[in-house]
1. Checking the condition part of a loop (DSSP other than H, G, I, E, B), in contact (Cβ under 8 Å) with a residue 60 or more places away in the chain and more than 21 Å from the chain's Cα centre (by Cα), which residue from LEU198, LEU192 passes?
2. Within segment 94-119, take every residue that is within 16 Å of ILE291 (Cβ to Cβ) and touching a helix residue (DSSP H, G or I) at 6+ places or on another chain (Cβ under 8 Å) and give me the one that is surrounded by the most Cβ atoms within 10 Å (Cβ to Cβ).
3. Looking at ARG353, ARG373 in this structure, which one is in the same structural domain as ILE232 (by TED's automatic domain parsing) and in a helix (DSSP H, G or I)?
4. Going through segment 208-266 one residue at a time, which ones are of a type in the set (Ser, Thr, Tyr) and not in a loop (DSSP other than H, G, I, E, B)?
5. Where in segment 37-152 are there helices (runs of 4 or more DSSP H), lying wholly inside it, with at least 1 residues that are basic (Lys, Arg)?
6. Just checking, how many residues over segment 267-309 are farther than 12 Å from SER207 by Cα, assigned to a strand (DSSP E or B) and of a type outside the set (Asp, Glu)?
7. Restricting segment 136-159 to residues that are of a type in the set (A, V, I, L, M, F, W, C) and under 18 Å from the mean Cα position of the chain (by Cα), which is farthest from ILE372 (Cα to Cα)?
8. Considering only segment 153-186, how many residues are surrounded by fewer than 16 Cβ atoms within 10 Å (Cβ to Cβ) and either outside the structural domain of ASP89 (by TED's automatic domain parsing) or in a loop (DSSP other than H, G, I, E, B) (or both)?
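The values are calculated or read from the model by the stated rules, or taken from the named source; none is laboratory data. Note that the coordinates shown come from a computational prediction; the quantities given were computed from them, not determined experimentally. With ideal geometry, Cβ positions are generated from the backbone for all residues, glycine too; neighbour counts draw on all protein chains shown.
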Amino acid sequence: MLSDLAFALAERDGDICVVTSRQTYENPRDNLAAHETHAGVEIFRVATTRFGRFNLPGRALDYLSFYVSSFVMLLRLVRCGDVIVTKTDPPLLSVIAWLVARAKGARLVNWLQDVFPEVAMALGVLTWRPLVDSARWLRNRSLRGAEMNVVLGECMQDRICQQGVPRDKTMIIHNWADGDLIRPIDAHSNKLRTSWGLKDQFVVGYSGNMGRAHDFDTIIEAMTLLKDDPGIVFLFVGGGAGKEKLEIAINRRGLNNVLFKPYQPRDRLAESLSVPDVHLVSLQPQLEGLIVPSKVYGIAAAGRPVAFVGDSNGEIGRLVSLCGFGFTVSVGEGQELADRLRELVQQRNVLARMGAEGRRCFDEKFSKLRAIRAWRKLLDEARGRVATRSDDGAA
């Protein structure tokens with residue numbers, strides 16, 4: 001999504017820079033070019049330590065080194081009147097950008113993909129109260145000092161406003177998928193499904209990050225209950241911190257109705273997301289308002305229904321219900337999930353209807369074009385305010 005936004009802005013506006021690291025998501029040993037220009041976007045990749053995402057102390061050191069390197073790079077790049085858009089991985093990056101914006105007379109727009117330190121607290125990763133309070137105080141200062149804070153839904157907006165951030169400094173712009181790239185592909189026409197040996201199976205898929213925020217116990221229970229149904233296969237495409245734990249649980253239960261595949265390249269997403277007959281999406285209820293699983297937008301673009309494991313009153317639960325492209329089961333209700341999936345095997349017409357509703361909802365609410373327009377409007381307004389303040393001698 002960051003690439004989508006940066007390239008779209010560069011087409012019209014030019015002079016777009018991205019500061020990021022030299023690692024790739026899956027391999028900390030990768031060493032991407034320190035500087036290059038791609039599709040009109042100038043990319044600066046800063047040096048960091050390379051412990052990777054799967055060791056928490058090492059990950060913290062990677063983050064710390066990124067803070068230092070990116071702070072230095074931003075001081076070098078940012079000019080008075082610029083607008084800095086800052087994401088939330090690594091956590092508290094908004095604090096670094098806020099300090100640079102203040103020093104340089106720039107304006108800050110925070111793009112919140114999650115809410116830290118609350119996420120770390122909910123997962124039990126961060127429990128030391130002085131550190132939690134300090135992190136929250138710094139985070140809130142950087143959000144209040146921003147021109148705007150873009151959030152992913154109403155639940156996240158409420159969480160941020162409860163922290164003292166004025167509501168008029170928050171704006172909902174949903175994440176998106178590329179609806180031109182990702183379109184529904186019929187199961188019998190899907191070459192990827194055929195090559196994976198799934199042509200005649202009922203495929204229940206999970207695509208994307210298998211992280212600590214997602215509930216897999218309910219899914220494993222459903223898989224166990226359905227292990228003797230020869231026509232049902234569970235497909236996991238992606239990776240993450242929870243993948244190894246998931247594989248261990250599957251091996252311990254002797255489940256043979258499971259297939260794992262790596263992340264797929266962007267140009268194969270239409271095929272990959274169209275392989276499952278129904279997609280699993282999950283989120284621990286305590287993380288509602290802190291994270292929004294963005295995989296749901298690609299699933300909707302592919303015209304596939306969603307089986308959501310989580311809070312029916314949360315962001316995804318309400319979306320699935322409102323748009324009618326899936327169903328929700330509560331965490332811990334593995335039997336209900338298994339029963340619903342077993343029913344759908346015999347209800348292909350219901351699957352087709354839910355999938356069509358998903359694509360319709362996507363086109364109306366979550367298309368890439370709609371989101372880019374919202375971002376352009378926001379950034380034009382931010383630049384306009386910067387120019388006005390500069391003319392008045394206030395910046």
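1. Testing whether each residue is part of a loop (DSSP other than H, G, I, E, B), in contact (Cβ under 8 Å) with a residue 60 or more places away in the chain and more than 21 Å from the chain's Cα centre (by Cα) leaves just LEU198.
2. Of everything passing the filter in segment 94-119, ASN110 is surrounded by the most Cβ atoms within 10 Å (Cβ to Cβ).
3. Only one candidate qualifies: ARG353.
4. THR218, THR224
5. Helices (runs of 4 or more DSSP H) meeting the threshold: 56-77, 93-104, 129-144.
6. Result for segment 267-309: 4.
7. Applying the filter and picking the extreme gives CYS155.
8. The total comes to 7.
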